[in-house]
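The values are calculated or read from the model by the stated rules, or taken from the named source; none is laboratory data. Note that this is a predicted model, so its numbers are computed, not measured. As a convention, Cβ positions derive from the backbone with ideal geometry for all residues, glycine included, and neighbour counts pool all protein chains shown.
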Amino acid sequence: MSKIQQLSIFLENRPGQLTDITTLLSQNQLSIKSINLIDSSDYGILRVIVDDSQKAKEILDDAGISLKIVEVFAVEIDNHLGSFNEVASLLSTHGINIQYTYTINTTQNGAFIFKVEPTLLDKTIELLKQNGIKILEDIRS
Amino acid sequence: MVYNEIESAKREELEELELKRLQSTVERVYSLSTFYKEKFDELGITPKDITSLEDIKKLPFTTKKDLRAHYPFGLFTVPMSEVARIHSSSGTTGKPTVVGYTKSDMDVWDEVMARVFTLAGATSKDIVHNAYGYGLFTGGLGFHNGAEKIGAAIVPASAGMTDRQLMLMRDFGASILASTPTFALHMAEVAQKAGSDYLSHYKLKAGIFGAEPTSKGLKKEVSNAWGIDYHEVYGLSEIIGPGVAANCKESDLLHVFEDHFFVEIINPQTGESLPDGQRGELVITPLTKQALPLIRYRTGDITSITKEPCKCGRTLLRMESIVGRVDDMLIISGVNVYPSQIEHVIANTEGVTLNYQIIVDKHGHLDKLEIHIEVSDEIMTDSLGQMGALKKEIQHALLNNLYINAHVVLVQPRSIERSMGKAVRIIDKRKEQ
């Protein structure tokens with residue numbers, strides 16, 4: 001369960017497009033665990049982590065909304081200074097490029113979501129575990 | 001296989017028949033139609049002036065405006081007792097265009113549609129799924145009667161209700177699909193949801209598509225999505241409905257059933273005749289029509305013709321798939337562009353589906369061209385950079401090939417309006433202002 005399925009959803013640049021999606025998710029009892037929006041001048045990508053990504057994909061597909069499921073992982077934040085830097089440095093010294101990162105909050109702790117090159121994903125998780133870094137196993141908690 | 005031997009007759013024989021039929025059509029309209037009598041008199045010509053096919057150039061043109069001006073039956077040359085069928089266009093751009101058929105006109109229509117089915121390889125053993133709309137639109141009944149004529153089993157599904165149509169096509173084992181290309185593509189999109197092996201549930205071998213302008217890219221997409229031979233049919237209700245021309249298995253060019261429909265290509269601006277091979281406006285004179293014989297009807301469609309022999313053995317001249325409409329030609333900042341050329345560029349971009357819409361507007365005094373393209377699974381990525389690169393690729397291709405500046409806008413899948421009949425491909429907002 002170390003890997004997390006993130007939905008990358010295409011957003012048209014028009015009012016209401018974001019709420020169309022969040023309304024669909026909430027109407028179907030899907031809980032948003034984390035959300036991150038990136039945009040260019042005329043479209044955007046919404047990166048969302050929900051408690052049931054397969055169900056969300058079906059619902060959004062049916063509603064005619066384009067999306068991709070992307071695998072990411074989450075590292076639990078230890079409440080001390082420099083914890084993010086430790087992870088980033090470790091990946092950097094091993095030549096693993098972080099494509100993007102953002103945060104997720106669970107009831108107990110916060111965590112950082114990381115996206116790396118898909119072919120390096122397993123290796124990265126392994127590396128972090130070996131170095132005693134805690135990978136968030138279940139986002140539903 | 002050829003349905004009627006006239007399709008592979010010697011050209012001299014064919015042209016001799018055409019001249020005879022042209023002369024009798026001209027006699028007919030001169031004596032029966034005040035509209036044509038007046039037009040001929042104005043030009044100082046009588047039926048006697050037509051002694052060769054070349055002489056057709058002396059005759060006046062007929063336009064859609066003439067049909068509208070004589071709404072509904074003003075140009076009919078038979079009493080209502082001889083009219084067997086009336087069809088009408090949707091009339092979205094004014095009064096509808098009304099056309100009539102005598103029993104003999106219906107026979108001609110059935111005959112040419114039977115030829116179309118034969119061109120596509122259909123026989124009495126086939127099951128024809130007809131998804132053209134039944135009703136005032138000539139598509140539904142035109143295909144219906146042609147399939148009946150060759151003795152095939154017809155499923156008169158008509159348009160709409162995609163899921164149900166797919167179920168019927170699967171369960172009945174349809175072998176020939178007749179529909180608009182965009183509806184065929186729409187059905188394929190829905191069918192694909194059943195899984196990547198969806199084609200194993202269908203027995204289609206060929207499709208006969210028409211009623212919409214179609215680029216090579218769209219044809220290929222429909223043909224691949226269904227794993228079938230693509231046959232295009234051309235026609236218009238003013239002339240007969242579908243059945244004026246269709247392509248055989250040997251080429252993309254459409255054989256014109258010229259023993260019934262005499263075709264010419266003219267310069268749409270000057271009305272002058274253009275030689276074979278040059279693109280211009282297609283002008284048709286039906287040679288056997290009784291109820292509504294028209295002289296040199298200006299179709300508004302842009303194409304070219306060739307009399308080069310075809311491998312299939314038919315000697316009938318062939319026309320290109322329609323390149324565009326005379327009135328569809330867009331002038332973007334002084335550059336002439338046909339939407340089909342834009343479609344060609346889109347079709348050549350990997351991963352992009354042909355679900356697009358062209359929107360032309362004014363930005364201050366400047367023309368502004370936007371092309372909306374639906375995001376398919378193939379082009380959806382997790383990266384703004386990659387999607388931006390695709391946009392740029394299309395914009396560059398349009399600039400390099402067509403010399404136009406366009407702004408590509410990515411939109412959600414299935415968000416561009418699909419009509420069951422004709423696709424809404426171009427919105428020219430400049431005309432509304």
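Of all the residues in region B:145-201, those that are surrounded by fewer than 21 Cβ atoms within 10 Å (Cβ to Cβ), under 30 Å from B:E111 (Cα atoms) and aromatic (F, W, Y) number 1. Close Cβ contacts (under 8 Å, 6 or more residues apart or on different chains) running from residues in region B:61-77 that are in contact (Cβ under 8 Å) with a residue 40 or more places away in the chain to residues that are part of a loop (DSSP other than H, G, I, E, B) and basic (K, R) comprise B:F61/B:R296; B:T62/B:R296.
Residues of region A:8-38 being aliphatic (A, V, I, L, M) and more than 10 Å from chain B (Cβ to nearest Cβ), which ones? Spell out how you get there, then give the answer.
Residues of region A:8-38 aliphatic (A, V, I, L, M): A:9, A:11, A:18, A:21, A:24-25, A:30, A:32, A:35, A:37-38.
Correct list: A:L18, A:I21, A:L24, A:L25, A:L30, A:I32, A:I35, A:L37.
When we screen B:E417, B:E343 for residues that are touching a residue at least 60 places away in the same chain (Cβ under 8 Å), touching a strand residue (DSSP E or B) at 6+ places or on another chain (Cβ under 8 Å) and loosely packed, with under 15 Cβ neighbours inside 10 Å, the only hit is B:E417.
Of everything in region B:405-428 that's outside any strand (DSSP E or B) and away from chain A (no Cβ under 14 Å), which residue is modelled with the lowest pLDDT? Quick ask: steps written out before the conclusion?
Step one: filter region B:405-428 for residues outside any strand (DSSP E or B), giving B:405, B:412-425.
Filter once more, keeping what is away from chain A (no Cβ under 14 Å): B:405, B:419-425.
Working: B:N405: 89, B:S419: 58, B:M420: 51, B:G421: 44, B:K422: 50, B:A423: 55, B:V424: 67, B:R425: 80.
Ranking the qualifying residues of region B:405-428, first place goes to B:G421.
Taking B:I359 as the residue in question, decide whether it is touching a strand residue (DSSP E or B) at 6+ places or on another chain (Cβ under 8 Å), crowded, with 20+ Cβ neighbours inside 10 Å and either modelled with pLDDT under 90 or away from every other protein chain (no Cβ under 12 Å) (or both).
No.
Count of region A:66-99 residues, restricted to those that are hydroxyl-bearing (S, T, Y), more than 20 Å from A:V48 (Cβ to Cβ) and within 14 Å of chain B (Cβ to nearest Cβ), is 0. Taking the criterion of being within 26 Å of A:E137 (Cβ to Cβ) and buried (at least 20 other Cβ atoms within 10 Å of the Cβ), the residues of region A:54-69 that qualify are A:A56, A:L60, A:L67. The set of residues from region B:386-404 being within 11 Å of chain A (Cβ to nearest Cβ) and in contact with a helix residue (DSSP H, G or I) (Cβ under 8 Å, 6 or more places away or on another chain) is empty.
Taking the criterion of being aliphatic (A, V, I, L, M), under 30 Å from B:M380 (Cα atoms) and assigned to a loop (DSSP other than H, G, I, E, B), the residues of region B:309-368 that qualify are B:V352, B:L354.
The strands (runs of 3 or more DSSP E) located wholly in region B:208-257 that include 1 or more residues which are of a type in the set (S, T, Y) and under 13 Å from the mean Cα position of the chain (by Cα) occupy B:229-236.
Restricting A:L30, A:L24 to those that are over 12 Å from the mean Cα position of the chain (by Cα) and closer than 19 Å to B:P413 by Cα reduces the list to A:L24. The residue of region B:323-340 that is modelled with the lowest pLDDT, among those that are touching a helix residue (DSSP H, G or I) at 6+ places or on another chain (Cβ under 8 Å) and surrounded by 14 or more Cβ atoms within 10 Å (Cβ to Cβ), is B:D328. Residues that are within 14 Å of chain B (Cβ to nearest Cβ) and more than 21 Å from A:I139 (Cβ to Cβ) within region A:100-120 comprise just one, A:E117.
Before we move on, is B:P242 modelled with pLDDT of 95 or more and not small (G, A, S)?
Working: modelled with pLDDT of 95 or more: yes; not small (G, A, S): yes.
Yes.
Among the conditions (1) away from chain B (no Cβ under 11 Å); (2) among the hydroxyl-bearing types (S, T, Y); (3) loosely packed, with under 14 Cβ neighbours inside 10 Å, the only one that A:S41 does not satisfy is (1). When restricted to residues that are within 12 Å of another protein chain (Cβ to nearest Cβ) and without any contact (Cβ under 8 Å) to a residue 40 or more places away in the chain, region A:44-54 contains 3. Working only within region B:299-319, note down all residues that are closer than 30 Å to B:D367 by Cα and either in contact with a helix residue (DSSP H, G or I) (Cβ under 8 Å, 6 or more places away or on another chain) or of a type in the set (D, E) (or both). Listed by number, the residues that qualify are B:G300, B:D301, B:I302. Might you let me know whether region B:370-385 holds any residue that is away from chain A (no Cβ under 11 Å) and in a helix (DSSP H, G or I)? Scanning region B:370-385 turns up no residue that is away from chain A (no Cβ under 11 Å) and in a helix (DSSP H, G or I). Scoring A:P15 on the criteria (1) closer than 30 Å to B:V408 by Cα; (2) surrounded by 13 or more Cβ atoms within 10 Å (Cβ to Cβ) leaves a single failure, condition (2).
Restricting attention to region B:275-294, the residues that are within 26 Å of B:E27 (Cα to Cα) and either among the basic types (K, R) or part of a loop (DSSP other than H, G, I, E, B) (or both) add up to 8.
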